[in-house]
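Down below is the structure, laid out as structure tokens.
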There are 2 protein chains.
Amino acid sequence: MGRDNPRMHAPLKNDTFLRACLRQPTEYTPVWLMRQAGRYLPEYRATRAKAGSFMGLATNTDYATEVTLQPLERYPLDAAILFSDILTVPDAMGLGLSFANGEGPRFAHAVRDEAAVAKLDVPDMDKLRYVFDAVTSIRRALDGRVPLIGFSGSPWTLACYMVEGAGSDDYRLVKSMLYSRPDLMHRMLAINADAVAAYLNAQIDAGAQAVMIFDSWGGVLADGAFQAFSLAYTERVLQKVKTHHEGVRIPRIVFTKGGGLWLEEMAAIRPDVLGLDWTMNLGAARQRVGDQVALQGNLDPNVLFARADQIEAEVVRTLDSFGAPGHGHIFNLGHGISQHTPPESVSVLVETVHTHSRRIRSVV
Amino acid sequence: MGRDNPRMHAPLKNDTFLRACLRQPTEYTPVWLMRQAGRYLPEYRATRAKAGSFMGLATNTDYATEVTLQPLERYPLDAAILFSDILTVPDAMGLGLSFANGEGPRFAHAVRDEAAVAKLDVPDMDKLRYVFDAVTSIRRALDGRVPLIGFSGSPWTLACYMVEGAGSDDYRLVKSMLYSRPDLMHRMLAINADAVAAYLNAQIDAGAQAVMIFDSWGGVLADGAFQAFSLAYTERVLQKVKTHHEGVRIPRIVFTKGGGLWLEEMAAIRPDVLGLDWTMNLGAARQRVGDQVALQGNLDPNVLFARADQIEAEVVRTLDSFGAPGHGHIFNLGHGISQHTPPESVSVLVETVHTHSRRIRSVV
């Protein structure tokens, strides 16, 4: 064994990201991008073609390792993120995840009534062994270059897909269950939360050095419903996910797209980092949550379709909006990078983050 | 002529909605629903079948009048809203609006480059005569029962559809233009704003007693971009739309879906009413904007899929969240009603709003 023994892993050469997560001083603002290993990279598309399908890619340790490292070969990013999907947990519950070509995820067995909810349970983590194997393999391949982030969808976001069976533009089915059968919804969310916690803990055991919970659909909920059906279960996950592994702190990041109105409440469940989308001004967010959490974000991915000088200006504006000296800020997009992004735009972004954030620190 | 002469119109029997817009005391909280004349009503579907298509319905004065009044026959709603679409203005600019069956709107001629922007101009309002004729016809048919609301999409929301050519889930094309050619985007938005202002003024002349600007896609913009590319042009519209018609105040409502983070800035452009989606707590909104504006909203339309007692509880919670005595609140959904809504759910909603809001006022 020894797969979960940190002594097997090379010491970190760049821990800027981890220090920023814990609001410790850093020489510059670390940067990584949601979906940084993805279709905008020709080398990703080549590997994906070899793998045949998205799940073929995600379930093959060598391919998952290969694509996770691809963006690091091009750009001096400060973290790697496991190549996987937010919906692996309900797939392991037996719901049958697939990705139709050019479309989003789809479940063969949607969960729409009491009988279907009654069948749900925390899955055997052995069904997710391919994920933990990928984590260990990636961690080894990284050889201490940068830290590796593990992740999962939030309990609510998993429930959205589990009930809808696919993406949705009105969330009618899942919200109908929420409003008409809150008992069923709470039962499903409790199972999801326990499954997500077990899943993230196993990723940490396998080598993940930080974990992120993607509450991609928390922002579609009404005030009140968000707190009861999304935030409460993200909190349940945080309470069960380990804060340390072999004596080392494991930062926990919570990202609710469209959650800007609930920042204070999200900070109160005590993640280390809050991810923010582009609707939120970083300076205003900092005023609202003070020094309780680090902030991650929040450039609109569509900025990357502009000219280099325009990208630079927007990156500078984002860094400046957080304010000097910039400690406790992890630069990222406010959502996953678009598949249509010109790869050279990412070079401009990363370079500008590193250069300008050093400048901010030097003038303070 | 005489179509724009208020002396031709019957006096209002129910002005609760208009008084609430102006933050004057009312005996109860008025209620209307976005898209209240719509596919969830079997009588609407029957008229729509006769008309053949959505635009066939919207451009026929008799049909438009008929469907506008249908929900008022079923429910004691406190306002009527013109049956039309938010995209009639770019259609009149020559972009060719159509609605594919079961899909959203689509433009035959998307605006994607400098040449296409250069061709844009404020359209001849005569091309929108069918809308003004419908307004006058509906106003007459209402015979003073409740006030009639006119509306348009906001300059930014129109631009989204004009550039994308249809709905979008990432707004990549319109945001690419915004970030890479802000000059073109500003030119288009200025034309849109002047067109929307002329359009709303003509609706007011034709008989609209309040007007609403739907900034349906303002919430997809980044902080900073929202203010520069959406709010500034909504403000330009407000500056040009008449506040009075023949001595009578015409309340102006601005609704930005997903705009909760920018409430103070939206209040500062001085609409009479701000529409809110369900993510915003009405009490928190009231604290932030004080008595500058009335508030309209904000039940999640998916609540209407629950049981009657559950709908009642959510309506009560929404009314209570605004707080006693409830003056300056117009009850509405936080978005258009779903086509799948059981019509009897709307009865429960309207009845509960009227009953509970009288109760709130009586105990203060």
>> Name the residue that is surrounded by the most Cβ atoms within 10 Å (Cβ to Cβ), counting only residues in the stretch B:235-263 that are in contact with a helix residue (DSSP H, G or I) (Cβ under 7 Å, 6 or more places away or on another chain), away from chain A (no Cβ under 11 Å) and assigned to a helix (DSSP H, G or I).
In response: B:Val237
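For the condition within 13 Å of another protein chain (Cβ to nearest Cβ) and either among the aliphatic types (A, V, I, L, M) or surrounded by 18 or more Cβ atoms within 10 Å (Cβ to Cβ) (or both), what is the one hit in B:His329, B:His335, B:His340? Break it down into steps so the answer makes sense when it comes.
On the way: B:His329 fails: within 13 Å of another protein chain (Cβ to nearest Cβ); B:His340 fails: either among the aliphatic types (A, V, I, L, M) or surrounded by 18 or more Cβ atoms within 10 Å (Cβ to Cβ) (or both).
When all the criteria are applied, what remains is B:His335.
When residues of the stretch A:272-287 are filtered for being outside any loop (DSSP other than H, G, I, E, B) and either among the hydrophobic types (A, V, I, L, M, F, W, C) or surrounded by fewer than 22 Cβ atoms within 10 Å (Cβ to Cβ) (or both), how many remain? Break it down into steps so the answer makes sense when it comes.
Just the residues of the stretch A:272-287 that are outside any loop (DSSP other than H, G, I, E, B), to begin with: A:273-275, A:282-287.
With the extra rule that they be either among the hydrophobic types (A, V, I, L, M, F, W, C) or surrounded by fewer than 22 Cβ atoms within 10 Å (Cβ to Cβ) (or both), the set shrinks to A:273-274, A:282-287.
Of the residues in that region, 8 qualify.
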>> Residue under question is B:Val211, and the condition is that it be of a type outside the set (D, E, K, R), assigned to a helix (DSSP H, G or I) and closer than 27 Å to B:Ala80 by Cβ; does it hold?
In response: no
> Taking B:Thr47 and the conditions (1) surrounded by 15 or more Cβ atoms within 10 Å (Cβ to Cβ); (2) part of a loop (DSSP other than H, G, I, E, B), which numbered condition does it fall short on, given that it satisfies the others?
Replying inline: (2)
> Going through the stretch B:177-212 one residue at a time, which ones are under 30 Å from A:Glu314 (Cβ atoms) and without any contact (Cβ under 8 Å) to a residue 60 or more places away in the chain?
Replying inline: B:Leu178, B:Tyr179, B:Ser180, B:Pro182, B:Asp183, B:Met185, B:His186, B:Leu189, B:Ala190, B:Ala193
>> Looking at A:Gly334, A:Gly323, A:Gly290, A:Gly328 in this structure, which one is within 20 Å of the chain's Cα centre (by Cα) and over 26 Å from A:Glu43 (Cβ atoms)?
In response: A:Gly328
>> Just the residues that are surrounded by fewer than 20 Cβ atoms within 10 Å (Cβ to Cβ) and assigned to a loop (DSSP other than H, G, I, E, B), please, taken from the stretch B:60-79.
In response: B:Asn60, B:Tyr75, B:Pro76
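Would you point out the residue of the stretch A:98-148, among those that are of a type in the set (A, V, I, L, M, F, W, C) and in contact with a Pro (Cβ under 9 Å, 6 or more places away or on another chain), that is surrounded by the most Cβ atoms within 10 Å (Cβ to Cβ)? Show your work before the answer.
We begin by selecting, within the stretch A:98-148, every residue of a type in the set (A, V, I, L, M, F, W, C); these are A:99-100, A:107-108, A:110-111, A:115-118, A:120, A:122, A:125, A:128, A:131-132, A:134-135, A:138, A:141-142, A:146, A:148.
Adding the requirement that they be in contact with a Pro (Cβ under 9 Å, 6 or more places away or on another chain) leaves A:99, A:107, A:111, A:120, A:146.
Working: A:Phe99: 17, A:Phe107: 21, A:Val111: 25, A:Leu120: 19, A:Val146: 22.
Taking the candidates together, the pick is A:Val111.
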>> What's the total number of residues in the stretch B:80-119 that are part of a loop (DSSP other than H, G, I, E, B) and not acidic (Asp, Glu)?
In response: 16
>> It is to be established whether one or more residues within the stretch A:346-354 are crowded, with 23+ Cβ neighbours inside 10 Å, closer than 30 Å to A:Glu43 by Cα and within 10 Å of chain B (Cβ to nearest Cβ).
In response: no
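For residues that are part of a helix (DSSP H, G or I) and surrounded by fewer than 24 Cβ atoms within 10 Å (Cβ to Cβ), scanning just the stretch B:161-176, find the one that is farthest from the other protein chains (Cβ to nearest Cβ).
As a first pass, look at the stretch B:161-176 and keep what is part of a helix (DSSP H, G or I): B:161-164, B:172-176.
Pick out the ones that are also surrounded by fewer than 24 Cβ atoms within 10 Å (Cβ to Cβ) and you get B:164, B:172-173, B:176.
Values: B:Glu164: 12, B:Arg172: 6, B:Leu173: 9, B:Ser176: 4 Å.
The extreme case among them is B:Glu164.
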>> The conditions are (1) of a type outside the set (A, V, I, L, M, F, W, C); (2) closer than 26 Å to A:Ser168 by Cα; (3) within 17 Å of the chain's Cα centre (by Cα), and A:Arg112 fails exactly one of them. Which is it?
In response: (3)
>> From the list B:Thr243, B:Thr234, exactly one residue is in contact (Cβ under 8 Å) with a residue 60 or more places away in the chain and among the hydroxyl-bearing types (Ser, Thr, Tyr). Which is it?
In response: B:Thr234
> Taking A:Gly219 and the conditions (1) of a type outside the set (A, V, I, L, M); (2) within 14 Å of chain B (Cβ to nearest Cβ); (3) part of a loop (DSSP other than H, G, I, E, B), which numbered condition does it fall short on, given that it satisfies the others?
Replying inline: (3)
>> Going by what's in this entry, would A:Thr341 be described as in contact with a Phe, Trp or Tyr (Cβ under 8 Å, 6 or more places away or on another chain) and either of a type in the set (Asp, Glu) or closer than 23 Å to B:Trp262 by Cα (or both)?
In response: no
>> Condition first: within 22 Å of the chain's Cα centre (by Cα) and not in a helix (DSSP H, G or I). Can you find one or more residues in the stretch A:192-202 that meet it?
In response: no
> Would a scan of the stretch A:193-201 turn up a residue that is under 30 Å from B:Thr279 (Cβ atoms) and within 14 Å of chain B (Cβ to nearest Cβ)?
Replying inline: no
>> Residues that are farther than 30 Å from A:Arg359 by Cβ, modelled with pLDDT under 95 and aromatic (Phe, Trp, Tyr): does the stretch A:40-56 have at least one?
In response: yes
> Any idea how many residues of the stretch B:274-292 are more than 14 Å from every other protein chain (Cβ to nearest Cβ) and either under 16 Å from B:Gly218 (Cβ atoms) or touching a Pro at 6+ places or on another chain (Cβ under 6 Å) (or both)?
Replying inline: 2
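If I filter the stretch A:297-321 down to residues being within 10 Å of chain B (Cβ to nearest Cβ) and not in a helix (DSSP H, G or I), which single residue comes out as farthest from A:Gly336 (Cα to Cα)? Lay out the reasoning, then the answer.
As a first pass, look at the stretch A:297-321 and keep what is within 10 Å of chain B (Cβ to nearest Cβ): A:298-307, A:310-311, A:313-314, A:317-318, A:321.
Now narrow it down to the ones that are not in a helix (DSSP H, G or I): A:298-300, A:306-307.
Values: A:Asn298: 11, A:Leu299: 10, A:Asp300: 9, A:Ala306: 17, A:Arg307: 20 Å.
Restricting to residues being within 10 Å of chain B (Cβ to nearest Cβ) and not in a helix (DSSP H, G or I), the top hit is A:Arg307.
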>> Let me spell it out: the conditions are (1) touching a residue at least 40 places away in the same chain (Cβ under 8 Å); (2) out of contact with any His (no Cβ under 8 Å at 6 or more places or on another chain); (3) more than 29 Å from A:Val315 (Cβ to Cβ), and B:Leu173 meets all of them except one. Which number is the exception?
In response: (3)
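The values are calculated or read from the model by the stated rules, or taken from the named source; none is laboratory data. As the structure is a prediction and not an experimental result, all values here were calculated from the model. Backbone-built Cβ (ideal geometry, glycine too); neighbour counts: all protein chains shown.
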